[in-house]
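See below for the structure under consideration.
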Amino acid sequence: MRGLFLVPVSVAVLSGCASWPASGTVSAGEAGGEGSAPVAAEPGGGGSVPAPTPGTPAMPPPVYHPAGQALIDQARQQMAAGDLEAAGSTLERGLRVDPDNPWIWIELARVRSAAGDVRGARSMASRAAGLASQDPEAEAAARRLLGSGVP
């Protein structure tokens, strides 16, 4: 009787503890243009990662949670519609899903700046820059925000 109970529980526990990130995520190097956050990829689709320069250690590009990208996209739409409060709330939800994603922090800096909160915007951009050490595109975007006074 005891074995019957343990099998379903262990299966339920193991199925809920699959390692993250899940397939269907995309690394920053495979993302769109400048200033855009990584996007979800088609399952099984692959992008090519540039070969490392001889003499430098190969470092895999960062991978972000696809739910974080979906929330970034939603927040951008809300910002475009002029709903800064909703965009900020959406991005804060994104931080609960993927707190180490510098792109969420970058977008939140832009929302704060648009709302007139320059100090908050600089704080968010600074946090993004600190998190983006493995993502050169995100680091450059965060540094541009910091260098421009977060417009």
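Check region 40-58 and report whether any residue there is modelled with pLDDT under 90 and among the acidic types (Asp, Glu). Yes, region 40-58 contains at least one residue that is modelled with pLDDT under 90 and among the acidic types (Asp, Glu). The one condition from (1) at pLDDT 75 or above; (2) surrounded by 13 or more Cβ atoms within 10 Å (Cβ to Cβ) that Glu85 does not meet is (2).
Filtering Arg143, Arg76 for residues that are among the charged types (D, E, K, R) and modelled with pLDDT under 95 leaves a single hit, Arg143. Has region 134-150 got any residue that is assigned to a loop (DSSP other than H, G, I, E, B) and of a type in the set (Ser, Thr, Tyr)? Yes, region 134-150 contains at least one residue that is assigned to a loop (DSSP other than H, G, I, E, B) and of a type in the set (Ser, Thr, Tyr).
The values are calculated or read from the model by the stated rules, or taken from the named source; none is laboratory data. In this text, all values refer to a predicted model and were calculated from it rather than measured experimentally. Glycine gets a Cβ as well: all are built from the backbone with ideal geometry, and neighbour counts include every protein chain shown.
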